[in-house]
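Colleague: I'd like to ask you about the structure that follows.
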Amino acid sequence: MLRRSRRAAILVAGLVVFGLACAAYALNRRSHDAAALEEAGRTLHRVISQRVDQHDAHLTSLSALVQAAEPAPIATVEQVAASIIRFYPRIVGIDVVDLALDPPRPLLDTADPAVVAEEARQALGSNLRTRSLDGGNRLLLVKRALTDGVGHYALALVIDMNRLSASDTPLPEGAAVQLRLIEPGKAAAEPAGAFSADIASRTQPLRLTLTTSAPNWPLPPLGFLALAGLVVALAALLIDRLLEARSAAQEAARKAVLAEQDARLAHAGRVNAMGELASGIAHELTQPLTAILGQAQAGRRLLAQPDADQAVLAGAFEAIVRNARRAGDILGRLRAWISKSEPAVETVDLTELAGEVVHLLATNARSAGATLRVGDDGSKPLVRADRVQLEQVVFNLARNGLEAVEGRDGERNVIIEVGTQGNDAVLAVSDNGPGLSLEAQARLFEPFFTTKPAGLGLGLALCVRLVERFDGALAAENAAAGGAVFRVRLPRIAGEARKEAAE
Ligand code: ADP
């Protein structure tokens, strides 16, 4: 669950980072495009300003030509006009209109004489007049040629606006150029992000505007999307792995702390049980010690006889050794039981372990008037576990069984059955006591759940944790014939491993 929500958070963070990368790309692209548009605008502005200056120059030279004679030397003007038009294709018409005639007459017949005359009349002195034609597609320039202070000729240049505003170099993608006459008193609103500047000319008030059709948030190209996606995915994967490793390390540390606590609790439990066991141990020791004493006394008597039978003497000594070993075993078991050694996982024979527990609890069984025995199906299952801790599990279960049958009428039995089931080794402790109450069934493994006046309620909670530490499980139920059954299930050592363990 935790892992899933962590992955969802990483996914969301990854998507956010991916989105931010795309936004950063779009912003960068946008500022790059704006800079390119600005650059193209400045270049075109310079070029148009130069072109516009040329118009002034042409009109001035034509004006000089017209003033050279009276009447104006139309043939020469015509020749000059033809060569201007040939060299400057944006100048699509040149005319000279005689204003003295009524109606005014065009001498080259390329411009509307009425319009030229109207503009010329409004021109002050030699000032230039401008007028937009064809809805802004063409520009009319009109200038009066003054002869002896009185000019009755008007010069007209017709300019193709598209050619005037044509760029010599390619414009940025999506850019559109607009060149128009500025109408006095009319300030047109420029679109955002566009380049706009007035042409530097005293005579021709023109405004250049460059707009772009590029979107405000351009979508990154596929290659960028794929690369950014890959980088973000790899980073997310790496972060996920790092977090996974960190939480695994935290989990391992937490388990180690728990194992340490359990080991201490288990030790405290064993030391606590020592009191109960003491009288049983003493009783068990009495037997071999009495036997040793008897054999030693018999041996001493034999030695006192001159013809002592060597074979009988040797037999007495052997019995002494055997019983001394038995006493040593009993004490060794006790030492192992209360030892506080570090938990060590080793191969454990469950049948042998069950036998040890029966020995340890022999006195408890006797005082409960119960029979405690091992039921063995001959399978001799081996498991990997800490011997002392697993022994404590079986000890707790068997002792609970003995406490359950105590005071019961009739036969009192507690059986530790060892067998196998599939790949598992199973150790079942059953008794013919009253069985588990409904409440006990629900809360059996809860710490501090007890129904005994002097009980602590920690035994079964500890058993579950110890068994789980060895990858096993502990379950409890009531037997059909009455009484409770506690089953410890542990992975069995099989095949080769078993042979190696035996060696
Ligand atoms: P404690 O023995 O200190 O009570 P445990 O954790 O060993 O703590 O057991 C908890 C409770 O489970 C017991 O108090 C008892 O009510 C119930 N219980 C355990 N084993 C048996 C059993 N064999 N038969 C019936 N009840 C049992």
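Colleague: Given the criteria under 53 Å from the mean Cα position of the chain (by Cα) and away from the ligand (no atom under 11 Å from the Cβ), does T371 qualify?
Modeller: no
Colleague: Which of the residues belonging to the stretch 1-25 are of a type in the set (G, A, S) and surrounded by fewer than 16 Cβ atoms within 10 Å (Cβ to Cβ)?
Modeller: S5, A8, A9, A13, G19, A23, A24
Colleague: Which residue, of A304, A268, A311, A226, is of a type outside the set (F, W, Y) and at pLDDT 90 or above? It would help to see each step written out before you state the result.
Modeller: Working: A304 fails: at pLDDT 90 or above; A268 fails: at pLDDT 90 or above; A311 fails: at pLDDT 90 or above.
Testing whether each residue is of a type outside the set (F, W, Y) and at pLDDT 90 or above leaves just A226.
Colleague: Please go through the stretch 385-418 and pick out each residue that is away from the ligand (no atom under 15 Å from the Cβ) and either part of a loop (DSSP other than H, G, I, E, B) or modelled with pLDDT of 95 or more (or both).
Modeller: Here is the first cut: in the stretch 385-418, the ones away from the ligand (no atom under 15 Å from the Cβ) are 385-391, 409-411, 418.
Within the stretch 385-418, D409, G410, E411, V418 qualify.
Colleague: So, one more: Quick check on my filter: what residues within the stretch 240-265 are of a type in the set (S, T, N, Q) and at pLDDT below 90?
Modeller: If the condition is that a residue be of a type in the set (S, T, N, Q) and at pLDDT below 90, then Q261 is the only one that fits.
Colleague: What residue, of G457, G433, G422, G407, is closer than 22 Å to A354 by Cβ and surrounded by fewer than 18 Cβ atoms within 10 Å (Cβ to Cβ)? Walk me through it before giving the result.
Modeller: Numbers: G457 fails: closer than 22 Å to A354 by Cβ; G433 fails: surrounded by fewer than 18 Cβ atoms within 10 Å (Cβ to Cβ); G407 fails: closer than 22 Å to A354 by Cβ.
Matching residue, one of G457, G433, G422, G407: G422.
Colleague: For S379, state whether it is under 22 Å from R469 (Cα atoms), of a type in the set (S, T, Y) and surrounded by fewer than 18 Cβ atoms within 10 Å (Cβ to Cβ).
Modeller: No, not satisfied.
Colleague: Quickly run through the stretch 452-470 and pick out the residues that are more than 8 Å from the ligand (Cβ to nearest atom), part of a helix (DSSP H, G or I) and free of Cβ contacts under 8 Å to residues at least 60 places away in the same chain.
Modeller: Correct list: V464, E468.
Colleague: Would you pick out the residues in the stretch 206-221 that are in contact with a helix residue (DSSP H, G or I) (Cβ under 8 Å, 6 or more places away or on another chain) and at pLDDT below 90?
Modeller: T212, A214, N216, W217, P218, L219, P220
Colleague: Restricting to the stretch 422-442, name every residue that is of a type outside the set (D, E), under 22 Å from R465 (Cα atoms), more than 8 Å from the ligand (Cβ to nearest atom) and not in a loop (DSSP other than H, G, I, E, B).
Modeller: Those that are of a type outside the set (D, E), under 22 Å from R465 (Cα atoms), more than 8 Å from the ligand (Cβ to nearest atom) and not in a loop (DSSP other than H, G, I, E, B): A425, V426, L427, A428, S430, Q441, A442.
Colleague: Ok, one more. Sort out which residues of the stretch 73-97 are more than 19 Å from D112 (Cα to Cα) and not hydroxyl-bearing (S, T, Y), and write them in order of number.
Modeller: P73, A75, Q79, V80, I84, R86, F87, P89
Colleague: I've got another one for you. Going through the stretch 420-443 one residue at a time, which ones are among the aliphatic types (A, V, I, L, M) and over 22 Å from G407 (Cα atoms)?
Modeller: A425, V426, L427, A428, A442
The values are calculated or read from the model by the stated rules, or taken from the named source; none is laboratory data. Please read these numbers as outputs of a predicted model, since none were measured by experiment. Because the Cβ atoms are built from the backbone with ideal geometry, glycine has one as well, and the counts that use them run over all protein chains shown.
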